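Enquirer: First, the structure itself, so that you have it in front of you.
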């Protein structure tokens, strides 16, 4: 679904940092997932340090993802009473991202005599003449999910509202039934919830960190004077993680079969809308190119005739 969007196709064909940011973000989350359950925290920290360093070299604002994981993991471990040594790897990744930013500053100073890149200084200057606007940053999320078309957005919003209403009704029935059968066993189950959460600590960490990351980038990019399409690279992996968690939650509430059918229909509508929109955009670009070529050919013919007469 994400790969069918105009945003993904445009950035994949452009010579920008978009694929590198997605690569290092995905590798960072995979390493965090696999290394969280490992006892070799030093190896995990070193790997995350390297990935954070490379991520900051690809894009200097990459560090919000490692920072979000650090902010989430340590309080979560303290709350659940788990080993705090598991947070060492997260600090290693954040240190790597910070080192990458310092390396980028040093490289810029060595070759230009200034710590900041010219593009950053230019956008900071433009930002003085613009007010804070969240619409552009939220537009990146819509572009990632392929919701730029009003028709597709309306259909998806209506489907999401119906789905949420159905989930609320189904959960309210379960809650009313559980209240009728409240017993000592239910009280014991409530006390055991904390122990159950310990089994999904890394899932919770990635979920909360993804929320913080998306919110942080929206606030950060809302202060940018000119938001470019390749800024969406930092948001793709967190949004995909949130989508996976949301679909898993819906599957647990409604059942896997109903969830698969409903989400497949929504994804199919988005993909069809993306291809229709991309077809119009691509056709427009081809028509503009052919018109420019005809004009150029006519101009060259006129120049040749003028040269022959002279």
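Enquirer: Evaluate the following for residue 130: is it at pLDDT below 80, farther than 20 Å from residue 25 by Cα, under 21 Å from the mean Cα position of the chain (by Cα) and loosely packed, with under 15 Cβ neighbours inside 10 Å?
Expert: So residue 130 fails the test.
Enquirer: Kindly indicate whether any position in the stretch 102-119 is under 22 Å from the mean Cα position of the chain (by Cα) and in contact (Cβ under 8 Å) with a residue 24 or more places away in the chain.
Expert: No, because not a single residue in the stretch 102-119 is under 22 Å from the mean Cα position of the chain (by Cα) and in contact (Cβ under 8 Å) with a residue 24 or more places away in the chain.
Enquirer: When you go through 243, 176 one by one, which is the residue that is at pLDDT below 65 and in a helix (DSSP H, G or I)?
Expert: 176
Enquirer: Sticking with this structure for a sec: I need the full set of residues from the stretch 72-115 which are exposed (fewer than 13 other Cβ atoms within 10 Å of the Cβ) and assigned to a loop (DSSP other than H, G, I, E, B), in order please.
Expert: Hits for the stretch 72-115 are 81, 83, 113, 114.
Enquirer: Right, here's the next one. Which numbered condition trips up residue 124, out of (1) surrounded by 14 or more Cβ atoms within 10 Å (Cβ to Cβ); (2) over 18 Å from the mean Cα position of the chain (by Cα); (3) at pLDDT below 85?
Expert: Of (1) surrounded by 14 or more Cβ atoms within 10 Å (Cβ to Cβ); (2) over 18 Å from the mean Cα position of the chain (by Cα); (3) at pLDDT below 85, only one is false for residue 124: (1).
Enquirer: Return the residues of the stretch 215-234 that are surrounded by fewer than 22 Cβ atoms within 10 Å (Cβ to Cβ) and not in a loop (DSSP other than H, G, I, E, B); say none if nothing qualifies.
Expert: Residues satisfying the conditions are 215, 216, 218, 219, 220, 229, 230.
The values are calculated or read from the model by the stated rules, or taken from the named source; none is laboratory data. Fair warning: this is a prediction, and the values are worked out from it, not measured in the lab. All Cβ positions, even for glycine, are placed from backbone atoms using ideal geometry, and neighbour counts span all protein chains on display.
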